[in-house]
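Have a look at the structure below, then the notes.
Every number in this text was worked out from the coordinates using simple rules, so none of it is lab data. Here the structure is a predicted model, which is why all the values come from computation and not from measurement. Neighbour counts run over all protein chains shown; Cβ positions are idealised from the backbone, glycine included.
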Amino acid sequence: MTFARSCASSQRSARRVRQEQLIFTGDDNAMATLLLNGMGAFAKFERSLIRERQREGISPAKPRGAYRGRAPSMDAKSATELRAKAAAGVPKAALARHSGISRETVYAYLRAEV
C-alpha cells in the first residue's frame with residue numbers, strides 16, 4: 001500500500017489519519033512536517049532515479065529489437081470488424097467478451113488509439 005505519491009499527498013494522508021483519530025506517531029508540529037516532507041522528497045527523488053535508469057536501459061534495447069513494447073490485443077482485421085459491430089449497435093460489453101479483451105480496450109480501439 002502506498003501512503004502518498006507526493007509531499008502534498010503525504011500531508012493530506014497524515015491529516016486524514018489524525019482526523020480519524022487513528023494511531024499516528026507524528027505530531028502536528030513543524031519538525032514532524034519537515035521530516036514528512038523530507039521523506040517524501042527522498043522517495044520522489046528515488047523514483048525519478050529508477051525511471052531514469054529504466055529509460056537508459058530501454059533506449060539501447062530498442063534498436064536491437066529486444067524491447068518492442070506490448071503486443072496489440074488484436075490485428076487490424078479484427079479491429080475493423082469490432083468497429084463495424086459497434087457501429088451496428090452491438091453492446092460494448094458483448095464485444096469485449098466475444099473478443100477476449102476488456103471494455104476499456106474496446107473503447108480504445110473505437111477511439112482508434114490502438
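For the chain, which longest stretch is free of loop sites, where a loop site is one of the trypsin sites (Lys or Arg not before Pro) that DSSP puts outside H, G, I, E and B and that has at most 16 other Cβ atoms within 10 Å? With trypsin sites (Lys or Arg not before Pro) excluded where exposed in loops, the chain gives 6-67 as its longest stretch. Take the chain and mark each of the GluC sites (Glu not before Pro) that is in a DSSP loop with at most 15 other Cβ atoms within 10 Å; the longest unmarked stretch, sites excluded, is 21-112. When the Kirkwood hydrodynamic radius is evaluated over all pairs of different C-alpha atoms of the chain, what value in angstrom, to one decimal, is obtained? Taking the inverse mean of 1/r over all distinct Cα pairs, the chain comes out at 18.8 Å.
Each Lys and Arg adds +1 at its Cβ and each Asp and Glu adds -1 at its Cβ; summed about the Cα centre, the chain shows a dipole of about 460 debye.
Length gained on full extension, LEU110 to MET31, computed as 0.36 nm times the residue gap minus the Cα-Cα distance: 23.2 nm.
For the range 72-114, the alpha carbon positions stretch 22, 17, 15 Å along the principal axes, listed from largest to smallest.
For the chain, what does -39500 (n - 2.57) per DSSP helix run (n ≥ 4), summed and divided by total residues, give at 222 nm, in deg cm²/dmol to the nearest 500? Mean residue ellipticity at 222 nm (helix-derived): -22000 deg cm²/dmol.
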